[in-house]
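We did not get these values from a lab; they are worked out from the coordinates using the rules stated. This structure is a prediction, so every number in the text was calculated from the model and none was measured. For neighbour counting, all protein chains shown are included, and Cβ atoms are generated from backbone atoms with ideal geometry for every residue, glycine included.
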Amino acid sequence: MSITIVTMEITSADPVTAIKQRIATREARIGIIGMGYVGLPLALLFSDESFQVTGFDIAEDKVRTLNAGSSYIVRILSSEIEKARASGFRATTDYSEIANMDAVIICVPTPLNDHKEPDLSYVKGTVESIAPFVHPNQLIVLESTTYPGTTEEIVVPALEAGNPHGLKVSRTLEQSGIHVVFSPEREDPGNDIVQRQDIPKVIGGCGPAAVELASELYGAIFNRVVPVSSPAVAEMTKLLENIYRCVNIALVNELKQLCMRMGIDIHEVIEAAKTKPFGYQAFYPGPGLGGHCIPIDPFYLSWKAREFDFRTRFIELAGGINTDMPYFVIDQIASALNERSKSLKGSRILVLGLAYKRDIDDLRESPSLTIIELLREKGALVSYNDPYFPTVGRGRHYDLNMTCTPLEDLGKYDAVVIVTDHTSYDYKAIVSESQLVIDTRNATKGIQAGNILRC
Ligand SMILES: NC(=O)c1ccc[n+]([C@@H]2O[C@H](COP(=O)([O-])OP(=O)(O)OC[C@H]3O[C@@H](n4cnc5c(N)ncnc54)[C@H](O)[C@@H]3O)[C@@H](O)[C@H]2O)c1
C-alpha cells in the first residue's frame, strides 16, 4: 500500500491569528511611546522576552542617552539598557517608524493643568502623530492613566480621522481595522517585593480581536491578564485603585491629627489594627501626597463626573485633607520651634528627602517641594539633603534652585525635618546630632529621645 503524504504550506488567512503567531514566535515588533518611568521599564521587559522593541520619545536627549546604552532613571542600570540594545532595542523620535510596528503602546504623561483639570495634550499629540502611520490589524494600546471615556472619545476618533487609508477601529472578530485597547499601568516604583510580571494586567478593548491580541502580547510578559468588557471599565478600574488609596491615606492623615491631640501614637494603632486577618488594609499617614498618580488621578474622575452632573465628594474631601498636610507639617515645625523660644523666621532648617517616597529618584508632586516653599515664605533658611537629587531647579509647580547639602554638622540647624524616609539615612545618628527632629514618616520609630516630634 502506498501512502501519499500531502504537504500544505500553512498560510494564515486570519490576520489576527497571524499576529498572535508573530507574538508567540517573538517576531512581533513593539513600539513603546514615552520612555519615562513607565515606558522604559516596559520596553526592557519586552526586550527581556526577546521582542524587537523600539522606544519613541519626543525628548531627543533621552533618545540619545538610550541609544548610547545609558540610563537616566536611577533604578534602571545602564547595563540593562546595554543588554536590551544587544537584543535589538533602540530609541527614536521618528514617528514614521510606527508603520513598522505590530503593536504600539502609549505611555505618555497625563498631568493636571493649573485648574486641576485633565491635561490630555500629550495623549492627543501622540495619537495625532501616529495616526498617519497606522496600518490594518495593528494593535494600539493606551496605558496612560485617564478618565473613563478617553479611549473611545479621544483616541479612537483621532486614529480614524488621522489615518490616510480611511481605516476604522475593529469592533467585531470579522471586521479588520485598527485594534484599540486601554490597559492601565500598575507599577509601584521602589516596590521590590512584587515583581512587575506578577502584577495582573487589566485589558479593555474596543473589540474582541483587540482583547485577544493584547492578551497574547501582555501574556508574554505578565503572568496574568484580566480582560474586561470595555476600555471604560479598564480606565475606571485604574481610577478606583488610586482613589481607594487616596481616600484611605486621607483617613489616616486625619486620624493622625486627632491621635496627636489625644496623645495616642497612630503608628502603634495601625500596627495593632494590621493584625486583623480580614477587612483591614494598612495605610500610613505622611507629610502629604506625592507622585504622578495619587495626587492627580482622582481629579480626572471628578472632572469627568461633572459632565454627568455628579459630585465626587469622597475625592474632594480626601483631596482637601491630603493637600493640607504640608501646611500641618509647617504648623508643627513652628510650634516645636516656639517651644524652644524660636520662630520660623530666621531659623535654619534642613529638609531630609526630596523624593515623593523612599528610595526613588522621582520628585513629581513631592510634599517636600511645598514644605520647602512654605518654609521659605515664612522666612526660614532652608537647606535640603537627598542622595537622589544633587540639585533641584525649576519644575511645573516649583522654582527652588537649590543644591544638596552634605549630611554633616547637623547641630547647626534649628530643626531637621524628615520628609522622605530614605533607607540610606542613619536615623539614630541624625537624632543624636540634631537639636530638633521633626519626623513626618515615623522613620525614627524605636528611637527614644526628647528632641523628636513625630507628626
Ligand atoms: N510613574 C508611575 O509610577 C506610574 C504608575 C502608574 C501609571 N502611570 C501613568 O503612566 C503615564 C506615564 O507616566 P510616567 O511616569 O512614565 O511619565 P514620565 O514623565 O516619566 O514619562 C513620559 C515620557 O513621555 C514622553 N513624551 C511626552 N509626550 C510625548 C509624545 N507626544 N511622544 C512621545 N513621547 C512623549 C516624555 O518625554 C517622557 O519621556 C501617566 O499617565 C501616568 O499617570 C505612572
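Figures for the structure shown
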item: Long-range amide H partners of LEU381 with built H, under 5 Å; result: GLY346, SER347, ARG348, ILE349
item: LYS83-HIS135 FRET efficiency (beta carbon distance; Förster radius 35 Å; 0.05 resolution); result: 0.70
item: Distance in nm between pseudo-label sites at THR92 and ALA59 (7 Å out along the Cβ direction from Cα); result: 2.1 nm
item: Considering only the chain, percent of DSSP beta bridges that pair antiparallel, nearest 5; result: 15 percent
item: Ordering of 191-198, 151-158 by burial proxy (mean other Cβ atoms within 10 Å per residue, highest first); result: 151-158, 191-198
item: Under 30 Å from the Cα of LYS62 - lysines, other chains or at least 8 residues apart; result: LYS83, LYS116, LYS124, LYS201, LYS238, LYS357
item: Residues of the range 70-90 with amide N under 18 Å of the 7 Å Cα→Cβ point at ILE199; result: 73-77
item: Dmax and Rg, reported as Rg then Dmax, of the chain (C-alpha, Å); result: 25.2, 108
item: Packing-based order for 271-280, 230-239, 93-102, using average beta carbon neighbours within 10 Å, highest first; result: 230-239, 93-102, 271-280
item: Cleavage-rule hits, GluC sites (Glu not before Pro), the range 366-438, DSSP coil, Cβ neighbours within 10 Å at most 16; result: GLU408
item: Cα-centre dipole for the chain with unit charges at Cβ (Lys and Arg positive, Asp and Glu negative), debye to 20; result: 820 debye
item: Amide H contacts of VAL104 (H built 1.01 Å from N, under 5 Å, at least 5 apart or other chain); result: GLY31, LEU139, ILE140, VAL141
item: Added length on full extension, which subtracts the Cα-Cα distance from 0.36 nm per residue, ASP426 to ASN67; result: 125.5 nm
item: Sequence-distant residues sharing a close amide H with ILE452 (under 5 Å, placed H); result: VAL437
item: Residue-by-residue Karplus 3J(HN,Hα) for the range 349-358, coefficients 6.51, -1.76, 1.60, Hz, glycine and proline x; result: 10, 9, 9, 9, x, 9, 4, 6, 8, 4
item: The range 191-336 - Rg over Rh from alpha carbon coordinates, Kirkwood radius; result: 1.06
item: Gain on full stretching of the segment that runs from ARG376 to ASN451 - 0.36 nm per residue minus C-alpha separation; result: 24.7 nm
item: Relative contact order, percent, the range 90-163 [alpha-carbon distance under 8 Å, six or more residues apart]; result: 38 percent
item: Cα radius of gyration and Dmax for the range 251-305 (Å); result: 14.4, 41
item: Globularity index of the range 12-134, i.e. its alpha-carbon radius of gyration over 2.2 N^0.38 Å; result: 1.12
item: 3J(HN,Hα) from dihedral phi, the range 282-291, Karplus parametrisation 6.51/-1.76/1.60, rounded to Hz, x for glycine, proline; result: 6, 10, 10, x, x, x, x, 6, x, x
item: Fraction of the pair-distance distribution of the range 262-350 above 23 Å, Cα-Cα pairs, percent; result: 50 percent
